[in-house]
Amino acid sequence: MCIFVRCVHINECEGERGEDYDEDCHICVNTIGSYTCECEDGYELDSTTNQTCIDINECDGEKGVDYDEDCHICVNTNGSYTCECENGYELDSATNQTCIGELYLVIEKLEARKTQDAK
Ligand SMILES: [Ca+2]
């Protein structure tokens, strides 16, 4: 910032998030005359401003690359994604990003019973 021809270097990152630097800037990185951001997983730096982290829409990407191959209907969420599953499949509660079939669930239940019987 220049006041009366004197330029003062301001470190926005020492200020308050949402006031001195953008609310959606995850890790503020001070630069000369400005600032930029580092973003958390699932977000990318907005290339128009370089000062905001925006959600990556994994569902716009390629199945098996940007989102799980076993995700039937990809549903974008902030910082991540989840899936809707076809009939006979359930969302894997461990990740919320994979659909698992009935057969797999039956095997898992049998395995659990076997473990219980062994006790
Ligand atoms: Ca996302």
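From the list Glu69, Glu84, which residue is within 30 Å of Leu103 (Cα to Cα), exposed (fewer than 13 other Cβ atoms within 10 Å of the Cβ), in the same structural domain as Tyr104 (by TED's automatic domain parsing) and more than 16 Å from the ligand (Cβ to nearest atom)? Talk me through it step by step, then tell me what you get.
Working: Glu84 fails: more than 16 Å from the ligand (Cβ to nearest atom).
Answer to the selection: Glu69.
Report, by residue number, each residue of segment 2-14 that is in a loop (DSSP other than H, G, I, E, B) and either at pLDDT 95 or above or at positive phi (or both). Once the filter is applied, which keeps residues that are in a loop (DSSP other than H, G, I, E, B) and either at pLDDT 95 or above or at positive phi (or both), segment 2-14 yields Phe4, Val5. Selection of segment 29-48 for residues being exposed (fewer than 13 other Cβ atoms within 10 Å of the Cβ), more than 13 Å from the ligand (Cβ to nearest atom) and assigned to a loop (DSSP other than H, G, I, E, B) yields Ile32, Gly33, Ser47, Thr48.
Scanning segment 49-66 for residues that are within 14 Å of the ligand (Cβ to nearest atom) and under 14 Å from Asp22 (Cβ atoms), which turns out surrounded by the fewest Cβ atoms within 10 Å (Cβ to Cβ)? Before you say what the answer is, go through the steps one by one.
Taking segment 49-66 first, the residues within 14 Å of the ligand (Cβ to nearest atom) are 53-61, 66.
Going one step further and asking which of them are under 14 Å from Asp22 (Cβ atoms), we end up with 53-54.
Values: Cys53: 21, Ile54: 15.
Filtering first and then ranking leaves Ile54.
Of everything in segment 87-107 that is outside any loop (DSSP other than H, G, I, E, B) and either surrounded by 13 or more Cβ atoms within 10 Å (Cβ to Cβ) or basic (Lys, Arg) (or both), the residue that is nearest to the ligand (Cβ to nearest atom) is Leu91. For first residues located in segment 54-67 and aromatic (Phe, Trp, Tyr), partners that are near the ligand (Cβ under 10 Å from one of its atoms) and part of a strand (DSSP E or B) and lie 6+ apart or on another chain with Cβ distances below 8 Å form the pairs Tyr67/Cys74; Tyr67/Tyr81.
The values are calculated or read from the model by the stated rules, or taken from the named source; none is laboratory data. These figures come from a predicted structure and were not determined experimentally. Ideal geometry is used to build each Cβ from the backbone, glycine not excepted, and the neighbour counts take in all protein chains shown.
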